[in-house]
Amino acid sequence: MAEIVSIEDLKNKIEFLRSTKLDLKVVATNGCFDILHIGHIRSLQKAKSLGNILVVGLNSDASVKKLKGKDRPINNEKDRAEILAALSCIDYVSIFNEDTAEKFLEILKPNIYVKGGEYSVDILPEAKVVKKYGGEIFLVPMLPDLSTTKIIEKLT
């Protein structure tokens, strides 16, 4: 099971791991992960395959509400973090309060940053940060017609 840690603790753990393993490749991704679906799972598995350590930045309840609307999240941040931590492909989960993962990435400086194919590097807010410290960006193709929003629409 992955560890759920603060960003500062995560920074210290990653720095320690980097100091002990020269070829360590840290991969990071982020999102709301409100209702976990197969698109999330495949994206997370692909992200893990790109490196040694997979770190997931999880939007806090407050940031999800701001990004997705007053009726979201469906599941609270503690539950969402625990669900993600149960996945074998994830090593660390850290909750952040900002709308984007820019600060999260500035602190951790992962070798590879992974996002879904609904983004392009041109519109990805975090791209400037990743490019600034010399990281790579990898976009995972999305599964058509699959999203938490569409799942919620089916339920209502």
- Task: Pull up segment 88-110, narrow it to residues that are out of contact with any Gly (no Cβ under 7 Å at 6 or more places or on another chain) and over 20 Å from Asp61 (Cβ atoms), then point me to the one that is surrounded by the fewest Cβ atoms within 10 Å (Cβ to Cβ).
- Result: Ser88
- Query: Picking from Ile137, Ile123, Ile74, which residue would you name as being outside any loop (DSSP other than H, G, I, E, B) and either touching a strand residue (DSSP E or B) at 6+ places or on another chain (Cβ under 7 Å) or of a type in the set (A, V, I, L, M) (or both)?
  - Reply: Ile137
- Message: Here are the criteria: (1) farther than 21 Å from Lys65 by Cβ; (2) buried (at least 17 other Cβ atoms within 10 Å of the Cβ); (3) modelled with pLDDT of 95 or more. Tell me which single one Lys132 does not satisfy.
- Response: (2)
- Item | Identity of the residue in segment 23-61, touching an Asp or Glu at 6+ places or on another chain (Cβ under 9 Å) and assigned to a helix (DSSP H, G or I), that ends up nearest to Asn12 (Cα to Cα) | Lys48
- Hey, can you tell me all the residues within segment 1-22 that are within 16 Å of the chain's Cα centre (by Cα) and assigned to a loop (DSSP other than H, G, I, E, B)? Ala2, Val5, Ser6
- Starting from residues that are surrounded by fewer than 17 Cβ atoms within 10 Å (Cβ to Cβ) and not polar (S, T, N, Q), keep the ones in segment 117-129 and report whichever is farthest from the chain's Cα centre (by Cα). Asp122
- Select from segment 8-35 the residues that are buried (at least 16 other Cβ atoms within 10 Å of the Cβ) and not basic (Lys, Arg) and list them in ascending order. Leu10, Ile14, Val26, Val27, Ala28, Thr29, Asn30, Gly31, Cys32, Phe33, Asp34, Ile35
- Task: Under 9 Å between Cβ atoms, at least 6 apart or on separate chains: pull out the pairs that start in segment 26-38 with a residue that is closer than 16 Å to Ile95 by Cα and end on any residue that is acidic (Asp, Glu).
- Result: Asn30/Glu126
- When both residues are 6+ apart or on different chains and their Cβ atoms are under 9 Å apart, which pairs have a first residue that lies in segment 13-24 and is closer than 15 Å to Asp91 by Cα, and a second that is charged (D, E, K, R) and in a helix (DSSP H, G or I)? Leu24/Arg18
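The values are calculated or read from the model by the stated rules, or taken from the named source; none is laboratory data. Nothing here was measured: the structure is a model prediction, and the numbers come from that model. Note that each Cβ is placed from the backbone with ideal geometry, even for glycine, and that neighbours are counted across all protein chains shown.
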